[in-house]
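Asker: For reference, the structure I am asking about is given below.
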Amino acid sequence: MQINVARLQNEFPDEKIEYFDQVGSTNDVAFTRVQQNPEIAGMVVANQQTAGRGTNQRQFYSPTSGIYCSIYLPLAPATVLHPGRVTANVGVIVAEAVHRVFGQPLGIKWVNDLYLHDQKVGGILCEAVSNDDNQLIGLVLGLGLNILTTSFPQTMLRTGGPIAEQANATQVTDLLIKINQAIQKKRQTLASDAINPKYLDLSILQDQWVIIDQAGSRLAGKVTGITPENELVINDGHQLRTVTNGRILRWQAEPLNDFD
């Protein structure tokens with residue numbers, strides 16, 4: 001979708017703001033910007049992505065009816081990064097901003113999907129940037145939001161949907177401003193902040209029965225909580241298990257009887 005680029009730049013005069021009608025991946029552009037100049041912060045925004053990606057390099061469908069943005073921040077080499085916490089806290093920031101601008105109550109599906117009711121409406125991809133000496137120099141916070149998107153590829157695992165029935169450039173610009181303002185307020189501590197308690201309230205998996213794919217093997221059980229590092233805690237009927245990664249295949253309120 002279109003935005004007011006001049007207004008965005010005026011709102012953040014010390015940042016490098018770039019807008020593309022079409023780009024491969026905003027995260028890739030932001031990653032390059034950090035490598036080129038790790039001293040500055042900025043935003044890369046696109047109307048469309050041709051090579052948008054999500055977790056584990058899965059394709060992120062990115063038509064012109066959505067908005068795609070990567071915010072990049074410099075980090076001191078001594079920074080201790082907690083990726084799970086960052087993803088959780090950015091999710092809360094985005095959900096709150098969407099609620100303020102569009103009045104929609106988003107939920108978060110572990111680990112980085114945004115949902116409106118039973119439809120996926122967005123995703124988050126946070127990536128660390130290191131220099132040639134393998135020192136941490138920056139952080140890229142990527143997000144894709146289905147503002148008005150109603151048509152999706154049949155290959156999507158979950159049903160997608162739009163955030164709003166109507167939206168304009170002013171609203172989308174407002175949304176990006178609110179998201180970046182919240183991130184900039186936490187700029188010095190975002191890499192290591194504890195998970196916002198609101199994250200658990202926004203989690204759509206809490207107390208749900210789930211099936212998780214982990215590199216070909218499957219785990220089933222009831223979600224009982226989330227660790228301070230944003231790991232899923234599951235009771236599989238025999239013990240509590242901590243899940244650091246995996247893809248949620250199914251979830252429901254009632255116990256699962258099989259793996260179908």
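Asker: Using a Gaussian network model on the chain with a 10 Å cutoff between Cα atoms, which of Gly122, Gly24, Gly84 fluctuates the most?
Answerer: Gly24
Asker: Using a/c under 1.5 as the rounded threshold, could you call segment 109-182 rounded, prolate or oblate? The axes a ≥ b ≥ c are square roots of the C-alpha gyration tensor eigenvalues, and prolate needs a/b larger than b/c, oblate otherwise. Mind dumping the intermediate values first?
Answerer: On the way: a/c = 2.82, a/b = 1.53, b/c = 1.85.
Taking the square roots of the gyration eigenvalues as a ≥ b ≥ c, segment 109-182 is oblate.
Asker: How much of the accessible area of segment 1-115, in percent, comes from carbon and sulfur atoms when a 1.4 Å probe is used?
Answerer: The nonpolar share, carbon plus sulfur, comes to 47 percent.
Asker: If ligands, DNA and RNA are left out, what is the accessible area of Glu11 with a 1.4 Å probe, given in Å² to the nearest 10?
Answerer: For Glu11, solvent-accessible area is about 80 Å².
Asker: Quick check: at a probe of 1.4 Å, how many percent of the accessible area of segment 201-260 sits on carbon and sulfur atoms?
Answerer: Answer for segment 201-260 is 43 percent, counting heavy atoms of protein chains only.
Asker: What residue among Val34, Val90, Val101 has the largest mean-square fluctuation in a Gaussian network model of the chain, using Cα springs under 10 Å?
Answerer: Val101
Asker: On to the next question. Can you give the accessible area per residue of the chain, in Å², using a 1.4 Å probe? The partial results should precede the final answer.
Answerer: Working: 12400 Å² over 260 residues.
Counting only protein heavy atoms, the per-residue value for the chain is 48 Å².
Asker: Continuing with this model, one more query. I need the shape label for segment 1-156. Rule: rounded when a/c is under 1.5, else prolate if a/b > b/c, else oblate, with a, b, c from the alpha carbon gyration tensor. Kindly include the intermediate steps, with their values, before the conclusion.
Answerer: On the way: a/c = 1.57, a/b = 1.37, b/c = 1.15.
Taking the square roots of the gyration eigenvalues as a ≥ b ≥ c, segment 1-156 is prolate.
Asker: Calculate the tail of P(r) for the chain: the fraction of all Cα-Cα distances greater than 26 Å, expressed in %. Mind showing how you got there, number by number?
Answerer: On the way: 13304 of 33670 pairs.
Value for the chain (Cα pairs over 26 Å): 40 percent.
Asker: Additional query: Restricting to Cα pairs below 8 Å that are 6+ residues apart, what does the relative contact order work out to for segment 41-178? Please round to a whole percent.
Answerer: On the way: 250 pairs, mean separation 33.4, N = 138.
Across segment 41-178, relative contact order equals 24 percent.
Asker: Still on this model: Put Met43, Met1 in order of accessible area, largest first, 1.4 Å probe: what do you get?
Answerer: Values: Met43 0, Met1 25 Å².
I get Met1, Met43, largest accessible area first.
Asker: Given the protein chains as shown and a 1.4 Å probe, how many square angstrom of Thr242 are accessible, to the nearest 10?
Answerer: For Thr242, the solvent-accessible surface is approximately 80 Å².
The values are calculated or read from the model by the stated rules, or taken from the named source; none is laboratory data. Bear in mind that the values here come from a model prediction, so they are computed numbers and not experimental data. Protein only, heavy atoms only, side chains kept; ligands, DNA and RNA dropped before computing areas. Shrake-Rupley method; radii C 1.70, N 1.55, O 1.52, S 1.80 Å.
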